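Only one structure is covered here, and it is reproduced in the block below.
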Amino acid sequence: MQLRRQPLSSPRPGDTRPAAQRLAGPLLLLLALQGAAASGGPEDSGWLQDAEPSSRLLSQAARAALHFFNFRAASPSALQVLENVLDGRAWVNQKKEYKFDLVFTTEFYNTEEDEKRLGQCSAQVFFRNEKPRPAVNVTCSQLIKERRQEEDYHLYKLMKQLKSPLNAVSIPDSHGYIAPSLRPIWDLAFLGSSYVMWQKTTPFLQYYMSQISSVKQWKTNDDAIDFDYTVLLHEFSTQEIIPCRIHLVWYPSKPLKVKYHCQERQTPEEASGTEDGSAMALTELSNF
């Protein structure tokens with residue numbers, strides 16, 4: 001890693017507590033970053049720009065931003081995964097804090113091969129002391145709103161029309177196959193897992209949902225879809241498989257509600273940003 005001094009550019013735009021409760025307070029963090037950038041050069045900020053940031057590190061930050069974006073979008077029809085980092089800059093300081101400015105392309109997660117759809121995002125990601133739950137500020141292109149709402153509502157109707165609450169195990173099966181009837185369950189679990197993976201991602205730990213080991217749908221007195229999942233998250237650098245129990249409540253066009261408990265690698269107090277979490281207050285979904 002080659003470092004050189006350069007002024008910090010101005011920013012471009014398991015726990016059982018509800019997600020909304022955990023996502024309070026980050027505004028002060030990013031405002032402080034903006035103030036530090038505006039106050040002077042590298043001697044004031046203490047940041048060093050990485051002249052040649054590794055593609056792995058830039059991809060790691062981009063995936064963290066997408067996990068956060070997917071959770072905030074709360075739309076199974078709009079899930080996106082990373083395709084390629086087009087442009088990225090990275091800074092590090094003596095506290096081992098990392099800041100990234102990124103532009104990257106995405107692929108829509110649940111489209112058929114013959115109708116591959118691409119998007120593009122720009123993001124700022126901040127990790128404090130190499131810890132998880134980065135502060136994120138992200139803007140992505142998206143599906144046309146009417147189309148997204150139509151596809152989400154179609155999935156919602158399928159789930160509500162089930163004659164009895166769903167119980168299932170091992171999605172995908174041992175051959176990697178997901179039955180078409182279970183695909184909506186997988187997409188909803190991926191949506192909820194996006195919150196968990198954002199919570200657990202560090203500059204050096206990367207997670208992906210590899211399997212749903214069990215799922216149970218609950219009958220509710222309101223219109224929401226209510227599930228309990230146990231998912232297996234794959235951490236790439238250690239090859240560890242981490243079971244996480246996730247409780248998810250979803251209704252189209254409404255904020256996603258998530259509670260979870262994992263076999264933790266880190267304690268909640270080790271999170272990046274502020275004690276309460278992320279940059280939710282500043283996250284932009286202007287094209288959503």
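Observations, loosely collected:
- Pick from segment 254-268, criterion in a loop (DSSP other than H, G, I, E, B) and either modelled with pLDDT under 90 or aromatic (F, W, Y) (or both), ranking: surrounded by the fewest Cβ atoms within 10 Å (Cβ to Cβ): T267
- Conditions (1) within 19 Å of L79 (Cα to Cα); (2) open to solvent by less than 90 Å² (accessible area, probe 1.4 Å): number failed by E235: (1)
- Number of residues in segment 203-212 that are surrounded by fewer than 16 Cβ atoms within 10 Å (Cβ to Cβ) and more than 20 Å from L82 (Cβ to Cβ): the value is 0.
- Residues that are outside any strand (DSSP E or B) and among the basic types (K, R), drawn from segment 93-109: K95, K96
- Residue count for segment 119-151 under the criterion of being out of contact with any helix residue (DSSP H, G or I) (no Cβ under 6 Å at 6 or more places or on another chain) and not in a loop (DSSP other than H, G, I, E, B): the result is 13.
- Residue ID - farthest from K200 (Cα to Cα), chosen from residues in segment 32-59 that are modelled with pLDDT of 50 or more and in a helix (DSSP H, G or I): S45
- Residue that is modelled with the highest pLDDT [pool: residues in segment 113-148 that are hydrophobic (A, V, I, L, M, F, W, C) and touching a Gly at 6+ places or on another chain (Cβ under 6 Å)]: A135
- Exactly one residue out of I246, I212 is touching a Leu at 6+ places or on another chain (Cβ under 9 Å) and modelled with pLDDT of 90 or more, and it is I212.
- Answer from A90, A62 - the residue that is within 20 Å of K200 (Cα to Cα) and either part of a helix (DSSP H, G or I) or more than 15 Å from the chain's Cα centre (by Cα) (or both): A62
Residue-by-condition table, conditions (1) surrounded by 13 or more Cβ atoms within 10 Å (Cβ to Cβ); (2) of a type in the set (S, T, Y); (3) within 16 Å of N110 (Cα to Cα):
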{"site": "F127", "(1), (2), (3)": "yes, no, no"}
{"site": "R133", "(1), (2), (3)": "yes, no, no"}
{"site": "K160", "(1), (2), (3)": "no, no, no"}
{"site": "D173", "(1), (2), (3)": "no, no, no"}
{"site": "P180", "(1), (2), (3)": "no, no, yes"}
{"site": "Q199", "(1), (2), (3)": "yes, no, no"}
{"site": "Q217", "(1), (2), (3)": "yes, no, no"}
{"site": "I225", "(1), (2), (3)": "yes, no, no"}
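- Taking every residue in segment 72-100 that is closer than 25 Å to S141 by Cα and open to solvent by 20 Å² or more (accessible area, probe 1.4 Å) and pairing it with any residue that is part of a strand (DSSP E or B) and basic (K, R), at least 6 positions away or on another chain, the pairs with Cβ-Cβ distances below 9 Å are R89/K99.
- Scanning segment 145-158 for residues that are open to solvent by 80 Å² or more (accessible area, probe 1.4 Å) and either under 17 Å from E107 (Cβ atoms) or of a type in the set (D, E, K, R) (or both) yields K145, E146, R147, E150, K157.
The values are calculated or read from the model by the stated rules, or taken from the named source; none is laboratory data. Small disclaimer: the values here were computed from a predicted structure and weren't measured. Cβ: placed from backbone, ideal geometry, glycine included. Neighbour counts: every protein chain shown. Accessible surface is based on the protein model in full, side chains and every heavy atom, while ligands, DNA and RNA are left aside. Shrake-Rupley method; radii C 1.70, N 1.55, O 1.52, S 1.80 Å.
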